[in-house]
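The values are calculated or read from the model by the stated rules, or taken from the named source; none is laboratory data. Quick caveat: nothing in here was measured; it's all calculated off a predicted structure. Backbone-built Cβ (ideal geometry, glycine too); neighbour counts: all protein chains shown. What goes into the accessible areas is simple: the full protein's heavy atoms, side chains included, and nothing from ligands, DNA or RNA. Shrake-Rupley method; radii C 1.70, N 1.55, O 1.52, S 1.80 Å.
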Amino acid sequence: MTATANQRFANLHIWPTILLAAGVLAYSAFHVSFGQITIPFLLLTLVAISAGARLSLKIPNVKGQISLTEFFIFLALFLFAGEGAVLLAAVATVCSSLRHNEKKATLLFNSAVTVASTFISVHLLRLNFGLLSELPLGAHTASLLLALFFVALVRSLTHSAVLAISEEIGLSFWQAWSASVTWTFFTYFTLAAAAGLAARLASIIGLYPSISGMAVIAIVYFAYTSLKKPEPLAEQNNELLRHLNVLQQSEQLFRSAFNYSAVGMALVSAKGRWLQVNRSLCELLGYSEEDLLATDFQRLIHHEDLGAALANIKRLLKGKIHTCQMEQRYLHRQGHIVWVLCGVSLVRNVETDAAHLIFQIQDITDRKRAEERLLHDAFHDALTGLPNRALFIDHLKLTIARAKRNKGQIYAVLFLDLDRFKIINDSLGHMIGDQLLVGIARRLESCLRPGDTVARVGGDEFTIVLEDLQEETEAIVVAERIQKELTVPFILGGREVFTTVSIGIAPSSTGYEEPEEILRDADTAMYRAKSLGKARHEVFDKAMHAFAMNLLQLETDMRRALDRQEFFVQYQPIVSLDTFKLRGFEALVRWRHPERGMISPLDFIPVAEETGQIIQIGHWVLKKACHQMRRWQRRFPSDPPLFISVNLSSRQFTQPDLIGQVKGVLDETKLDPRSLKLEITESAVMENIETATEMLKQLRALGVQLAIDDFGTGYSSLSYLHKFPIDTLKIDRSFVIRIVDNNENIEIVRTIVMLAQNLGMDVVAEGVETNDQLALLRKLDCENGQGYFFSKPTDVSGAEKIISDTYTESRAASNVYPAKARPTLVA
Ligand code: C2E
Ligand code: MG
Ligand code: MG
């Protein structure tokens, strides 16, 4: 039971107790014999009323006192039969309470408790010892001690129970009761023992002398104490008046400071009742003074802050602290929350010594709101309002911990990446890009259940954690739902925008300890989904992890490969299909890995692209190839001179200082810019048409030639082609390989050749392997060819052999491909 519960408990028992005592009193009055109402009894009652109420005994270590009336009740109990003691108890406690100006209910209740417990004591003693009046003299000392023990026990139990139910704040009934009962017992025992002694004395020297003796002692005592009080002198009176004046002034000062303070102030009872409140507090909480005074602070404070507030106030009341400050929420009359900084200190009422609290309450709502905003911003994405990576990781941590506790709980993480978001952003502008992200965030939210979390963790990356799944396959269902939901176009800036998303799914079954691990795997699965053609989802498995680890290793090894000279360049000839003249070479990079052997550029170039290492590798290849071609041109001069084709990856193509780099290499190697042909894939150009066109123009301005590699695959650049300053189209190998038995491919090649001719470009057919392919390509007027039919990519000496085989000093102008390699021409 808490303090307020104690109060309710007391209210509940007050009237039954009074009724019970009234019954007991009536019973005792009925059973009292007139022989008991003797003059000594009346005298004793008189002494009890007049002296007992004036004096009281402090109970050690307990907040409470015992009136000396109790001594006379005990005495009556030993001297006159029990009923007399009950009557004396009733009369004496009523008079004592009246003297202390107690409230009517308190007066009745306290008297009732004393009467009832005296009645119990009387009957308890009678049950054990028979006639009470024989106790003091007749009984053994042991019996007397036992009797004293019983009397003290009954009274102390009831007295400490009364103390406990009037406990003001914090302690439960049982805590308060057990804290006071021991010392209360000892005090009562002392009083009972004194009464026992007095009774024994009375039985020796007689009743009259003893009571008269007591009356004399009381009179002497009161005379002495009144003598001790110095006579109020005029001077002292003046001094007192002066003090009173000063006090009044400072009281007035305090009162106006209290009333007009900008801070809310209140005087609060130990039970939490508002006793005095100032205007600021009324404004702060939206109540009138009257309304506030009719309630208590417990009712207005937010229930979540009540516990801490009560605990602090309890410590204050117990004197463990002198003051305390708390940030709390109060409920405004209109229902909203007001954040306050509440300082509480303790004061004591001078007259009653009752503990009161002074509350100083300052409105800190604005500061709190700002703090909440900051906290929110720190954990949310400003654009979409979704949780950010930090908050997502936090959620995920909790999910992992929960799943560890409840074995069998399944969850999954989804990693989403928009497909081609960059293109939308670049072509439609960042405003539309932002609106798209917001739209996607809302659609993702609509696809999830309330317990699931969706976050934005990067530009166009979102993550989702799905909790409490029945089966892992549910995650796939959600992924499909998301993909379906995104097939509906977004209407942004008056136009329809379509987007797709690649999703990686990492289910919890793999057994994760850290959020980063499951996120990493979901990310890996997302990459797999992208590489398998985008707009799809993939579930993570162990093989993917091995693959990813392998890539990671490759990446690490690649960092050292340049320094350790593990890269080298091979050259593949490009030949005129009409004259079989050698036109030039394509430089192709190779990696000789110390443990893994030869690694195909198809495997390591994409990794190098991603990590950015392609910039250094590409630069190195460019320099190496240009050097080589310059050397060959010096050794084997021809007209037109041989050219060197060098591949540029899209990452290289978008680096801002590409022009400077190419120019630097040309200057350094002294190669004629016209002898360098840079190959760029169609997709690299199409990913960012504007800047690509600009870049191509600048490269062209340097004088280098430009080719579109793998033409015909990926993006269709047909409608843009005329805008680009391009010299050569390289028809992708996939068309050439099946040119012989596939009419459609023949048509594609024919179209590309015609297109190139119309635009003033030349054409190189890649991957020419067979005689038939060569013959058909010649028939289609394809100018140049490159492929295993002529030569596989070869090292420097192999390439030199090809050049020297086709080169004759006398016919320096026409280094024709060796006759043995010439195809049998189809008529
Ligand atoms: P690519 O630029 O289209 O190069 C032609 C690829 O086709 C080369 O593969 C070459 O060996 C292969 N090839 C040539 N003729 C034939 C043939 O008749 N049959 C068959 N089956 N294949 C033939 P490689 O060397 O494996 O290079 C693959 C790709 O790697 C290249 O395709 C290019 O995109 C890239 N790459 C190679 N070297 C570099 C480089 O130095 N920088 C950059 N950025 N990319 C490079
Ligand atoms: Mg190429
Ligand atoms: Mg190619």
All positions within the stretch 627-661 that are in contact with a helix residue (DSSP H, G or I) (Cβ under 7 Å, 6 or more places away or on another chain) and within 16 Å of ligand 2 (Cβ to nearest atom): 629, 643, 644, 646, 648, 649, 650, 651, 652, 653
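Looking at 307, 385, which is the one that is under 30 Å from residue 452 (Cβ atoms) and exposed (fewer than 14 other Cβ atoms within 10 Å of the Cβ)?
385 is the lone residue from the list that is under 30 Å from residue 452 (Cβ atoms) and exposed (fewer than 14 other Cβ atoms within 10 Å of the Cβ).
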Which residue, of 632, 620, 591, is away from ligand 1 (no atom under 16 Å from the Cβ) and of a type in the set (A, V, I, L, M, F, W, C)? 632
For residues in the stretch 751-772 being among the charged types (D, E, K, R) and either closer than 22 Å to residue 680 by Cα or open to solvent by less than 30 Å² (accessible area, probe 1.4 Å) (or both), which is farthest from ligand 3 (Cβ to nearest atom)? 762
Filtering the stretch 669-700 down to residues that are more than 17 Å from residue 722 (Cα to Cα) and polar (S, T, N, Q), which residue is nearest to ligand 3 (Cβ to nearest atom)? 675
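Is it true that residue 733 is surrounded by fewer than 20 Cβ atoms within 10 Å (Cβ to Cβ) and farther than 29 Å from residue 622 by Cβ?
Against the criterion (surrounded by fewer than 20 Cβ atoms within 10 Å (Cβ to Cβ) and farther than 29 Å from residue 622 by Cβ), residue 733 does not qualify.
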Taking the residues in the stretch 41-67 that are open to solvent by less than 30 Å² (accessible area, probe 1.4 Å) and assigned to a helix (DSSP H, G or I) as candidates, determine which candidate is farthest from residue 183 (Cα to Cα). 41
Is it the case that the stretch 573-583 has a residue that's in a helix (DSSP H, G or I) and closer than 26 Å to residue 766 by Cβ? no
I'd like to know if the stretch 717-724 contains one or more residues that are within 20 Å of residue 654 (Cβ to Cβ), within 16 Å of ligand 2 (Cβ to nearest atom), open to solvent by less than 20 Å² (accessible area, probe 1.4 Å) and among the hydrophobic types (A, V, I, L, M, F, W, C). no
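Kindly state which strands (runs of 3 or more DSSP E) lie completely within the stretch 589-706 and contain at least 3 residues that are among the basic types (Lys, Arg), surrounded by 14 or more Cβ atoms within 10 Å (Cβ to Cβ) and in contact (Cβ under 8 Å) with a residue 40 or more places away in the chain.
none
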Exactly one condition in (1) β-branched (Val, Ile, Thr); (2) more than 11 Å from ligand 1 (Cβ to nearest atom); (3) at pLDDT 95 or above is not met by residue 556; state its number. (3)
Boolean, residue 576 is open to solvent by less than 60 Å² (accessible area, probe 1.4 Å), free of Cβ contacts under 8 Å to residues at least 24 places away in the same chain and hydroxyl-bearing (Ser, Thr, Tyr): no
Would you call residue 445 within 11 Å of residue 412 (Cβ to Cβ) and open to solvent by 30 Å² or more (accessible area, probe 1.4 Å)? no
Residue 362 vs (1) under 35 Å from the mean Cα position of the chain (by Cα); (2) within 16 Å of residue 264 (Cβ to Cβ); (3) open to solvent by less than 60 Å² (accessible area, probe 1.4 Å): all pass except (3)
The condition of being open to solvent by less than 60 Å² (accessible area, probe 1.4 Å), at pLDDT 90 or above, more than 16 Å from ligand 3 (Cβ to nearest atom) and more than 41 Å from the chain's Cα centre (by Cα) holds, among 540, 585, 568, only for 568
Evaluate the stretch 455-463: report whether one residue or more is open to solvent by less than 50 Å² (accessible area, probe 1.4 Å), at pLDDT 95 or above, within 23 Å of the chain's Cα centre (by Cα) and over 27 Å from residue 431 (Cβ atoms). no
Only one residue in 529, 479 is touching an Asp or Glu at 6+ places or on another chain (Cβ under 6 Å) and within 11 Å of residue 415 (Cβ to Cβ), so which one is that? 529
Of the numbered conditions (1) charged (D, E, K, R); (2) in a loop (DSSP other than H, G, I, E, B); (3) closer than 16 Å to residue 194 by Cβ, residue 70 satisfies every one except a single condition; which is it? (2)
